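Asker: For reference, the structure I am asking about is given below.
The values are calculated or read from the model by the stated rules, or taken from the named source; none is laboratory data. As the structure is a prediction and not an experimental result, all values here were calculated from the model. Don't worry about glycine lacking a Cβ; one is built from the backbone with ideal geometry, like all the others, and counts go over all protein chains shown. For accessibility, only protein heavy atoms count, side chains too; no ligands or nucleic acids. Shrake-Rupley method; radii C 1.70, N 1.55, O 1.52, S 1.80 Å.
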Amino acid sequence: MKIIAVMFLSVLLGASPAATAQNILVSNAAELNAANKNAHPGDVIILKNGVWNNIDIRLDCRGTKEQPIQFRAETAGQVILSGKSSLQLGGDFITVDGLYFTKGYAGDNPVFSFRVNKNQLANNCRVTNTVINDFNNPKRMDENYWVSFYGRNNRLDHCSFFNKKNMGVLLAVILDDERSRENFHSIDHNYFGFRLPLASNSGEIIRVGVSQHCEFNSNTQITDNFFEDCDGETEIVSLKSGSNVIRNNLFKNCQGAVVLRHGDFNKVENNVFLGNNKAGTGGVRIINKGQWVVNNLFYQCRGTGFRAPLSVMNGVPNSAAFRYVTASDAVVANNSFYECAPLSFCEGSDTERSEPPYNIQVINNLIYNRNDSNVYLAHDKMDGFYFSGNLASKDTRQTLLPGFKKTTLTLQKTNRSFIPMAAKSENNKISDSLRSKSASRIKGRLSDTPGFYNSQTFLQLEANTYTTTGAKWFTKNSLIQNKKTVFVNCASVEEIRQQLVKNSNNNLVINLTANSYHFTAPLTITTNTSIRSNPKTVTRFRTGTDALPFLIQLKAGNSLVLMHMDLDLSKVRSSVFISTDTSGSSDHSTLKVLNCKVNNYSGNFLDAAKSGGMMLDLMIHDFDYARWVAGEVE
């Protein structure tokens, strides 16, 4: 009898986790904390729809591979975290699903962190179907990450990230001790969009490692993501560690490059870089040892120098690992470049970076270019490069090195693009040793036929990007503010002020109907405003006897367009005509001066505060450009 009782008890104990798994609805921080504390493998904790304001979520429960513990929104996108809020994971096999971070900020901390404190790192945890939108610290210079990875085998997937405006990398993989190295994190099927230029470092979208940890392997997998208009700085993705993979991603209209900055044996494979002739759009920059750049398509990428479609850099002789280690033992194969700016070999060559790359195999690449005088530039000795089987379009004007051949290339048309293709007879057999090495280095294959695979490969990658990246419930259309555009006539500065107040929630278009406007105080632009007049008539601005610090101030987060104006400013007593917001707000402003004449002004036309982001679009006639801007325009 005793034996039977023990056996029966063991069966009950083995079955208990599945039997006790439950769905638990929580509606506030106290209930959520209690649910986390008491969670069992298989439990589903459901966060009630609504606004969760000023909440610091810390989850450190432990599920299993077979039965993770899930924390999910009652309805994806309708659990809104605002105010000063953040999410920290420090347990095992936890899944977070469907949250929306907006109208708030996280202070010095990341918005998501895969650790609760230094001793509680996340392993095998996942954040999915979640959005961070414009969740910025109020001050632009107050730096933080949006996502920080620690631990091992964590995953961020099908999430969307929009409008990071303040300083700091959007997503950082941290390798500060052994618990976070050789981590095999997965960053996949996410959407990263709309990061305006910061005019400084720390504007990357993803950074894996830092220079102090550059000799460690991370093994982070960055796959199947969509990067759009990511213009924060020269580096979109910065790898500062080894053995990482960047595969099947689409980079669209991004002013920067994937930079293999530190670390060895990284792979950039089967990605598409759509520059679409946008200035500064780049591709891949190679530094360090053993990097592979294979089967990528570069389309109308117009960056130069460090942002070139392909840049292989010189190094510092006997460089420390955290400086500029000379590029070596790299393979650049089966890539296609369509109407791109010239590739750059030995980039950065100077008195310090004086060691040219060596053992760089550039094989079976295809360059279609009808517009540039050169298809590549060489800035130092090329003895360390081995070129073989590379094809350039027949009308290329440059005299090419051995290993390049001019030939007739055909174009495969897709819905939006052209894919250059080589004739079937143009083959260059890959060596057996390199093909054998490729079996362990890349997921795809090295082809004897030059260039990126074909149009079907591109179309499939593009289709997957548009349909499978980002949170399912959130689209870019969700960001569109349906503001009404109001057109008004104003004959005085006071009328302009009244319309700015009246239309603070609208887009305002002001038509100046008088010939003279008297400013007794500065005019503050607090909504998106366009001001225009009859360009055939001179419009005079004037001030009183007391000088003003500036005539117009553009507040953060708004735009000002001056268009079709012939301005006489001879009666204006002010140091500055237009001043930006000096509060240091993380909200950017836009100034456009289009088809205008500016005459007889003795001050500075624009004073742009260093701490406030600004976009400029200028078409000014009859003005002394050399002295018109004060401060630093970013």
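Asker: I want to confirm something. Restricting to region 203-218 and keeping residues that are at pLDDT 95 or above and more than 25 Å from residue 255 (Cα to Cα), which single residue is surrounded by the fewest Cβ atoms within 10 Å (Cβ to Cβ)?
Answerer: 217
Asker: Then there's this: Only one of 392, 330, 320, 341 is assigned to a loop (DSSP other than H, G, I, E, B) and open to solvent by less than 10 Å² (accessible area, probe 1.4 Å). Can you tell me which? Outline the logic, then answer.
Answerer: Values: 392 fails: assigned to a loop (DSSP other than H, G, I, E, B); 330 fails: assigned to a loop (DSSP other than H, G, I, E, B); 320 fails: open to solvent by less than 10 Å² (accessible area, probe 1.4 Å).
Only one candidate passes the filter, namely 341.
Asker: In addition: Looking at region 197-216 only, could you name the residues that are under 12 Å from the mean Cα position of the chain (by Cα) and not aliphatic (A, V, I, L, M)?
Answerer: 197, 202, 203, 204, 207
Asker: Which of the numbered conditions does residue 552 fail, given that it passes all the others? Conditions: (1) open to solvent by 50 Å² or more (accessible area, probe 1.4 Å); (2) of a type in the set (Val, Ile, Thr); (3) touching a Pro at 6+ places or on another chain (Cβ under 8 Å).
Answerer: (1)
Asker: Something else: Take the conditions within 30 Å of residue 228 (Cβ to Cβ) and surrounded by 14 or more Cβ atoms within 10 Å (Cβ to Cβ) and apply them to residue 418. Does it pass?
Answerer: In short, yes.
Results for (1) at pLDDT 95 or above; (2) open to solvent by 60 Å² or more (accessible area, probe 1.4 Å), shown as yes or no for each residue.
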site: 512; (1), (2): yes, no
site: 526; (1), (2): no, yes
site: 531; (1), (2): yes, no
site: 557; (1), (2): no, no
site: 564; (1), (2): no, yes
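Asker: Please enumerate the residues belonging to region 281-290 that are within 29 Å of residue 371 (Cβ to Cβ) and either touching a Cys at 6+ places or on another chain (Cβ under 9 Å) or free of Cβ contacts under 8 Å to residues at least 40 places away in the same chain (or both).
Answerer: 281, 282, 283, 284
Asker: Does region 547-558 include one or more residues that are within 30 Å of residue 274 (Cα to Cα) and either over 30 Å from the mean Cα position of the chain (by Cα) or not acidic (Asp, Glu) (or both)?
Answerer: yes
Asker: So which residues in region 575-596 are in contact with an Asp or Glu (Cβ under 6 Å, 6 or more places away or on another chain) and either without any contact (Cβ under 8 Å) to a residue 24 or more places away in the chain or surrounded by fewer than 17 Cβ atoms within 10 Å (Cβ to Cβ) (or both)?
Answerer: 592
Asker: Any residue in region 71-81 that is surrounded by 22 or more Cβ atoms within 10 Å (Cβ to Cβ) and either in contact (Cβ under 8 Å) with a residue 40 or more places away in the chain or charged (D, E, K, R) (or both)?
Answerer: no
Asker: In addition: Collect the residues in region 193-228 that are part of a loop (DSSP other than H, G, I, E, B), under 23 Å from residue 319 (Cβ atoms) and touching a Phe, Trp or Tyr at 6+ places or on another chain (Cβ under 8 Å), keeping them in residue-number order.
Answerer: 209, 214 - these are the residues of region 193-228 that are part of a loop (DSSP other than H, G, I, E, B), under 23 Å from residue 319 (Cβ atoms) and touching a Phe, Trp or Tyr at 6+ places or on another chain (Cβ under 8 Å).
Asker: May I ask you to verify whether residue 457 is without any contact (Cβ under 8 Å) to a residue 24 or more places away in the chain and within 30 Å of residue 415 (Cα to Cα)?
Answerer: No; evaluated as a whole, the condition is false for this residue.
Asker: When you scan region 88-113, how many residues do you find that are surrounded by 20 or more Cβ atoms within 10 Å (Cβ to Cβ) and more than 20 Å from residue 40 (Cα to Cα)?
Answerer: 11
Asker: Testing residue 168 on (1) surrounded by fewer than 24 Cβ atoms within 10 Å (Cβ to Cβ); (2) outside any loop (DSSP other than H, G, I, E, B), one condition comes back false. Which one is that?
Answerer: Unmet for residue 168, out of (1) surrounded by fewer than 24 Cβ atoms within 10 Å (Cβ to Cβ); (2) outside any loop (DSSP other than H, G, I, E, B): (2).
Asker: Oh, and also: Given the structure, is residue 194 more than 27 Å from residue 323 (Cβ to Cβ), open to solvent by less than 10 Å² (accessible area, probe 1.4 Å), within 10 Å of the chain's Cα centre (by Cα) and not basic (Lys, Arg)?
Answerer: no
Asker: Filter region 238-266 for residues that are closer than 17 Å to residue 289 by Cβ, part of a loop (DSSP other than H, G, I, E, B) and not charged (D, E, K, R); which is most open to solvent (accessible area, probe 1.4 Å)?
Answerer: 265
Asker: Okay, next question. Kindly provide the set of residues from region 533-555 that are charged (D, E, K, R) and either touching a strand residue (DSSP E or B) at 6+ places or on another chain (Cβ under 7 Å) or at pLDDT 95 or above (or both), ordered by number.
Answerer: 540, 542, 555
Asker: Here is a follow-up. Specify which of the listed residues (416, 435) is part of a loop (DSSP other than H, G, I, E, B), within 26 Å of residue 246 (Cα to Cα) and among the basic types (Lys, Arg).
Answerer: Of 416, 435, the one residue that is part of a loop (DSSP other than H, G, I, E, B), within 26 Å of residue 246 (Cα to Cα) and among the basic types (Lys, Arg) is 416.
Asker: Return the residues of region 305-317 that are closer than 17 Å to residue 382 by Cα, among the hydrophobic types (A, V, I, L, M, F, W, C) and assigned to a loop (DSSP other than H, G, I, E, B); say none if nothing qualifies.
Answerer: 316, the sole residue that qualifies.
Asker: Which ones in region 270-304 are of a type outside the set (Val, Ile, Thr) and outside any loop (DSSP other than H, G, I, E, B)?
Answerer: Those that are of a type outside the set (Val, Ile, Thr) and outside any loop (DSSP other than H, G, I, E, B): 273, 274, 279, 285, 289, 292, 297, 298, 299, 302.
Asker: Taking region 53-69, which residues are assigned to a strand (DSSP E or B) and within 23 Å of residue 106 (Cβ to Cβ)?
Answerer: Within region 53-69, 53, 56, 57, 58, 59 meet the criteria.
Asker: Considering only residues that are surrounded by fewer than 24 Cβ atoms within 10 Å (Cβ to Cβ), closer than 25 Å to residue 421 by Cα and of a type outside the set (Lys, Arg), which ones fall in region 293-317?
Answerer: 300, 304
Asker: Residue 328 - would you say it is modelled with pLDDT of 95 or more and more than 22 Å from the chain's Cα centre (by Cα)?
Answerer: yes
Asker: Right, another one. How many residues does region 33-49 contain that are open to solvent by less than 40 Å² (accessible area, probe 1.4 Å) and within 22 Å of residue 65 (Cα to Cα)? Show your work before the answer.
Answerer: Filtering region 33-49 for residues open to solvent by less than 40 Å² (accessible area, probe 1.4 Å) gives 35-36, 39, 41-47.
If we keep only those that are within 22 Å of residue 65 (Cα to Cα) as well, we get 35-36, 39, 41-46.
So the count comes out to 9.
Asker: Could you tell me which of the residues 461, 508 is within 30 Å of residue 389 (Cβ to Cβ) and surrounded by 13 or more Cβ atoms within 10 Å (Cβ to Cβ)? Break it down stepwise before answering.
Answerer: Numbers: 508 fails: within 30 Å of residue 389 (Cβ to Cβ).
Answer to the check: 461.
Asker: Just checking: which of the strands (runs of 3 or more DSSP E) contained wholly in region 70-162 hold 3 or more residues that are farther than 21 Å from residue 195 by Cα?
Answerer: On the way: elements: 79-84, 86-89, 94-97, 99-105, 115-117, 126-128, 131-133, 147-149, 155-157, 160-162.
Strands (runs of 3 or more DSSP E) meeting the threshold: 79-84, 86-89, 94-97, 115-117, 126-128.
Asker: Cβ-Cβ distance below 7 Å, separation of 6 or more or different chains: which pairs start in region 298-320 with a residue that is on the phi > 0 side of the Ramachandran plot and end on one that is outside any loop (DSSP other than H, G, I, E, B) and open to solvent by less than 20 Å² (accessible area, probe 1.4 Å)?
Answerer: 300/338; 305/344
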